[in-house]
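Okay, so here's the structure we're looking at.
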Amino acid sequence: MAPRAGQRRLPRLLPLQGVDVMTSPVSPPPPAGGGGKGPSSAVRIALIGAIVVGVGVGAFVIGRKSGGGGSSGPAFSSGEPKGPPTAGATVEGMPEVSSEPTKMEVPGAAALPAVWVDVHSPAKVRDALARNAWLKSQWEKPLGQGFASGWAAFLGSTGTDLKASFKGAVLDVVVGQLLDTPFRTVWFTGDARVGTPALLVPKANKTSQAAWDALDSVAKRGGMVADGCPSGMGEKVPDGGFQLSRWLVAEQTVWAARTADRLVLSRHPVVVLQALCSPLPELEADDGADVEVGFDANAYGREAQLFTHVLGLGEDTRLQLRVDGDRLVAKGIAGKVSGTSVTTGKPLSDDLLKLVPEDTPVLFAFRFMLPESLEPAQLKAFWKGESRAPLRERQVALAWTPRGSTSLAPELALLWGDEKDAEGLSALFSGGARTLVSATLCKHVVLATSPQEVERLKKACEGSAPNMLNAAGPVVAGLRAPSTVMLGVNLGRLLSGLAMDGYTSEARVDRASPMPKALPPEIEAARRDLEALPYLGFRGNAQGYVMASEGFGT
């Protein structure tokens, strides 16, 4: 899929080293510390992945619709005059069918599902993507073209090209038929080389099964057989082992497998095996939730386990989104509540909102109960449930700027809403691998990763730079509504910044070739388009043993 004349395709915007791409351009990097390598935070997957996946899948759907039919070949804009389709078109990269499947070397270590995205209403989501005005506009621009280019030939190949039983494009079969029932995209812990996600259809209906059979019959080029599951993954192995098919179309490979209770697709055969050997998920959505994002804190080590325990979040905590017309909007944070530290929801203080810069990509705020003193002995007894010390509520926030390159350290600031805890916090966060910069601003104790981050917060607090009180009306109203846990994501700022990081990480910059003062036109255009994306706000309010889900945004 070539760009138009005089137009360059956008470079890869979100480069993450050692990552394959299938359904998402973003695969999670390894967690900080701990054992096995695995995905990044649920926030990054849910909000970076979901939106950029929307660009790609939506672009394909829109491109197909604007191309005027399913049997006339791929409808991808190349900027060249379109002639009549060539009869008997061939698909490059289609070798002869190999004979017997090769035996897979089964990994010795088990992998945990770390982050997953459940699509409960595929038809509603698909229709919203196809009608979304922003996605439609991106289809003809470098942003959409650059994202979709790697899979254009694969998904755009038609049944006629492949001499298959279906007439439309592979995209139509995958999106419209194979994924016609609720499905999950899941990232596992494990070797970063196989950090690509798997598409898992837990309860495939007849339409999904027929689509799988149709693709397997024409795209299969060899395969593998696994005689067991990785150690610790105890799903029952079918007679003859797990049979994996290698689908090859237009020089793009997808591994696929089908058992009695699920269908699985991925770019790597080990990931397919992991999805086959994992416990079958129950895709049952709450009323009004069309998409959910979940994560398992156990996959990230002790730090993540402690953090979720402190917040009183159960293992089923998830972000919820719903379809509103032609958009996906935030529905809130849902899940079970556990522990004695959870408090009822209250609004975020104006002091906090004044401290956070308006262009902060990710804001995570929460309230919880802790002992009056933050001495380690007091905290240890509290976590064990052995403390009788008086408790006091704290309001805490994290202001986070993720980076689009592994060579760039994330910018993070902890905003603690009680100046009395300054000494205790200093003791708690001393002696770590990273030296934090501390300050007291807007009645908050600030611990930041750099002096530059403290300066940003200082300007917001003083009013010399916009802060969250200057944000759009619906955002300010949502932040001021009661919440126990709140996650706000400025999608435009987040993805625009990641795009710039991706560009600079791939540009060859040195003394001989310094960074140009002006960005290429397609990069500037992409950043402007990304900055038009909305603000998504997720709130969770503890009500007894459950978290009531509430959402807001622009």
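Only the coordinates and a few stated rules stand behind these numbers; no lab work does. Not measured: the values here are computed from a predicted model. Cβ sites come from the backbone with ideal geometry, for glycine too, and all protein chains shown count toward neighbours.
Too long at a 22 Å Cα-Cα cut-off: which of Lys167/Lys203; Lys384/Lys420; Lys346/Lys459; Lys124/Lys331?
In this structure, Lys167/Lys203; Lys384/Lys420; Lys346/Lys459 lie more than 22 Å apart at Cα.
Using a basic spin-label model with each label point 7 Å from the Cα along Cα→Cβ, how many nm lie between Asp216 and Gln543?
Each label point lies 7 Å from its Cα, and together they span 4.5 nm.
Work out, step by step, the length gained on full extension between Ala518 and Glu386: first 0.36 nm times the residue separation, then minus their alpha carbon distance; give nm to one decimal.
41.5 nm
Give the residue list of trypsin sites (Lys or Arg not before Pro) in the stretch 451-554 that are DSSP loop and have at most 14 other beta-carbon atoms within 10 angstrom.
Answer in residue order: Arg508, Arg511, Lys517.
Pairs of Cα atoms under 8 Å, at least six residues apart: use those to get the relative contact order of the stretch 403-476, whole percent. All intermediate terms of the calculation are to be shown ahead of the outcome.
Numbers: 75 pairs, mean separation 20.5, N = 74.
The value is 28 percent.
For the stretch 346-357, what does the Karplus curve 6.51 cos²θ - 1.76 cosθ + 1.60, with θ = phi - 60°, yield as ³J(HN,Hα) per residue in whole Hz, taken in order and with x for Gly and Pro?
Whole-Hz 3J(HN,Hα) from phi for the stretch 346-357: 9, x, 5, 6, 5, 4, 5, 5, 6, 7, 7, x.
How would you rank Thr484, Thr406, Thr196, Thr554, going from fewest to most other Cβ atoms within 10 Å of each one's own Cβ?
Thr406, Thr554, Thr196, Thr484
Which net charge results for the neighbourhood of Ser245, defined as the other residues with beta-carbon distances under 9 angstrom from its beta-carbon, given Lys and Arg at +1 and Asp and Glu at -1? Don't skip to the answer; put the middle values down first.
Values: positive: Lys220, Arg221, Arg246, Arg258; negative: Asp216.
So the surrounding residues net to +3.
What is the order of His268, His444, fewest Cβ neighbours within 10 Å to most?
Final ranking by Cβ density, sparse to dense: His268, His444.
Using DSSP to call loops (not H, G, I, E or B), can you name the GluC sites (Glu not before Pro) in the stretch 377-455 whose Cβ has at most 10 other Cβ atoms within 10 angstrom?
Details: sites: Glu386, Glu393, Glu411, Glu419, Glu423, Glu453, Glu455; in loops: Glu386.
Loop-located and lightly packed - Glu386.
I want the local charge near Ser430. Using Cβ-Cβ distances under 15 Å, sum +1 for each Lys or Arg and -1 for each Asp or Glu among the other residues. Don't skip to the end; give the middle numbers.
Values: positive: Arg434; negative: Glu375, Asp421, Glu423.
With Lys, Arg at +1 and Asp, Glu at -1, the neighbours total -2.
Spelling out what I want: for every residue of the stretch 382-389, take phi, set θ = phi - 60°, compute 6.51 cos²θ - 1.76 cosθ + 1.60 (Karplus), and round to whole Hz; glycine and proline get x.
Along the stretch 382-389, the couplings run 5, 5, 7, x, 9, 8, 10, 5 Hz.
Looking at the stretch 251-292, which GluC sites (Glu not before Pro) are in a loop (DSSP not H, G, I, E or B) and have at most 10 other Cβ atoms within 10 Å? Walk me through the numbers on the way to the answer.
Working: sites: Glu251, Glu282, Glu284, Glu292; in loops: Glu251, Glu282, Glu284.
For GluC sites (Glu not before Pro) across the stretch 251-292 that sit outside H, G, I, E and B with at most 10 neighbouring Cβ atoms in 10 Å, the list reads Glu282, Glu284.
Using alpha carbon centroids, what distance separates the stretch 282-342 and the stretch 403-427, in Å?
23
Cut-off is 10 Å between beta-carbons; in what order do Ser438, Ser165 appear when sorted fewest neighbours first? Walk me through the intermediate numbers first.
Details: Ser438 15, Ser165 11.
Starting with the residue having the fewest Cβ neighbours, the order is Ser165, Ser438.
Can you give me the distance in nm between label points at Thr343 and Glu419, each placed 7 Å from the Cα along the Cα-to-Cβ direction?
Between Thr343 and Glu419, the simple spin-label model gives 1.8 nm.
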